[in-house]
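Notes follow once the structure below has been shown.
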Amino acid sequence: MTDAKISAAFIRASNQYLVHCMGTNWNDWEKCGFVKKEDHTEAVQEARIEYAVIINREFLEQIKKATFKDGTDKQGTTYTDSLRPLLLSQTNLNLLGGSHDFSSCLDNIWKQPAVQTWALVMFRY
């Protein structure tokens, strides 16, 4: 997949999230009850960031659970020990702890922590 196709797929998925959060008229600022269009644009951006955080956090949690079945503090195998620095990087720990800034990640899907982590895993193996 190209960068444009992946970004388009993310936008489609986040649009579905916006429908869930703001209703079917999520892209009409007046029907959503906003006084100013800028407030609506900001709310949509915040919802997209919220969606990116949910998706990235869920992906990292699932891959961490699958890799470290007995917990991250237990003795691992050769493979799990080689994945430890990738999956438990400071960026990923910040995301899992809730303190990652996603405002710069929406425009470039490749900057999202889950995508970067998966790319590093695939590169290593």
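Rolled with a 1.4 Å probe across the full set of protein chains, the surface gives LYS36 an accessible area near 110 Å². Exposure check, 1.4 Å probe, all protein chains in place: CYS21 carries approximately 70 Å² of accessible surface. The 3J(HN,Hα) values that the Karplus relation (6.51, -1.76, 1.60; θ = phi - 60°) gives for segment 37-46 are, in residue order, 5, 5, 5, 5, 4, 5, 5, 5, 4, 5 Hz. Gly and Pro appear as x.
Averaged over its residues, the chain has an accessible area of 66 Å² per residue, based on protein heavy atoms and a 1.4 Å probe.
One decimal place: the segment ILE49-THR91 gains 13.5 nm when fully extended, by the rule 0.36 nm per residue minus the C-alpha distance. Considering segment 37-125 at the alpha-carbon level, its Rg and Dmax are found to be 15.0, 54 Å. Among MET122, THR91, PHE102, pick out the residue whose Cα is farthest towards the positive end of the charge dipole of segment 33-125, where Lys and Arg carry +1 and Asp and Glu carry -1 on C-beta, about the Cα centre. Selected residue: MET122. Using θ = phi - 60° in the Karplus curve 6.51 cos²θ - 1.76 cosθ + 1.60, the 3J(HN,Hα) couplings for segment 103-118 round to 4, 8, 8, 5, 6, 10, 4, 6, 8, 6, x, 5, 5, 5, 5, 5 Hz; x is entered for Gly and Pro. Round to the nearest 10 and report in Å² the accessible area of ILE54, as given by a 1.4 Å probe over the protein chains' heavy atoms. For ILE54, the solvent-accessible surface is approximately 80 Å².
Taking R0 as 35 Å, what's the FRET efficiency between TYR125 and THR41 from their Cβ-Cβ distance, rounded to 0.05?
0.25
Counting protein heavy atoms only, the chain has 54 percent of its accessible area on carbon and sulfur, 1.4 angstrom probe.
The values are calculated or read from the model by the stated rules, or taken from the named source; none is laboratory data. What you are looking at is a predicted structure, and each value in this text was computed from that prediction instead of being measured. In this analysis, Cβ positions are derived from the backbone assuming ideal geometry, glycine residues included, and neighbour counts consider all displayed protein chains. We work out accessible area using only protein heavy atoms, side chains counted, and drop any ligands, DNA or RNA first. Shrake-Rupley method; radii C 1.70, N 1.55, O 1.52, S 1.80 Å.
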